[in-house]
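The values are calculated or read from the model by the stated rules, or taken from the named source; none is laboratory data. Quick caveat: nothing in here was measured; it's all calculated off a predicted structure. Glycine also receives a Cβ, built like all others from the backbone with ideal geometry; neighbour counts cover every protein chain displayed. We work out accessible area using only protein heavy atoms, side chains counted, and drop any ligands, DNA or RNA first. Shrake-Rupley method; radii C 1.70, N 1.55, O 1.52, S 1.80 Å.
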Amino acid sequence: MLDGISLRINPGEKWGILGRNGAGKSTMIRLISGAELPTEGAVRRGMTVSWPLAFGGAFQGSLTGRDNLRFICRVYGTDFDQALEFVESFAELGTYLREPIKTYSSGMRSRLAFAISMAVEFECFLIDEVISVGDSRFHEKCEVELFQKRADRAMIIVSHMPHYILHHCDHAAVLNDARLHSFGDVQEAIRFYEAL
């Protein structure tokens, strides 16, 4: 449960939300994305906001990866042919893209989910914990695609790992006891978090 959370993200800002396991970080991300509705208050979005990156939970298992991509492109008004070309190249699934998702390993699902997340353009990306998709080569490819090629986008990264927040964010807050404590400096937020 979250209590009286208030946070404003401006275009291009990179916010890190630190919190221990069970602090409500994933709940906060789901609320921001619109996957979950608040029981009180409101979430106002002035930018297009992604779903949590590499989240494959919304896939329809009996459809192929290609058909799931087609459906997502329709929902978000994205050109399917362009997205398909990108996903085929980026996800490296080969012929599996034309197989039902229920036959995929969890790694294959994550790679497809990340590729689709990059094929649909958003002004704000939501990152729930560290993106650990595939082997180190593929992980590096994901880092370049998200943090270099989309460096102008807003991002909200939730994690329990301070070094990840320090590396990628210019603002930080700490989620503790259902409350969000915002800090003007990332190092200050990390000191508060580590003192808990």
Taking LEU175, is it open to solvent by less than 30 Å² (accessible area, probe 1.4 Å), modelled with pLDDT of 90 or more and under 30 Å from LEU93 (Cα atoms)? no
Looking only at the stretch 1-48, count every residue that is open to solvent by less than 70 Å² (accessible area, probe 1.4 Å) and in a helix (DSSP H, G or I) and tell me the total. 8
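I need the full set of residues from the stretch 175-190 which are charged (D, E, K, R) and not in a helix (DSSP H, G or I), in order please.
Hits for the stretch 175-190 are ASP177, ARG179, ASP185.
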Which pairs do you get when a residue that is over 17 Å from TYR164 (Cβ atoms), found in the stretch 4-25, comes within reach of a residue that is of a type in the set (Val, Ile, Thr) and open to solvent by 50 Å² or more (accessible area, probe 1.4 Å), reach meaning Cβ atoms under 9 angstrom, with the pair 6+ apart or on two chains? GLY24/ILE5
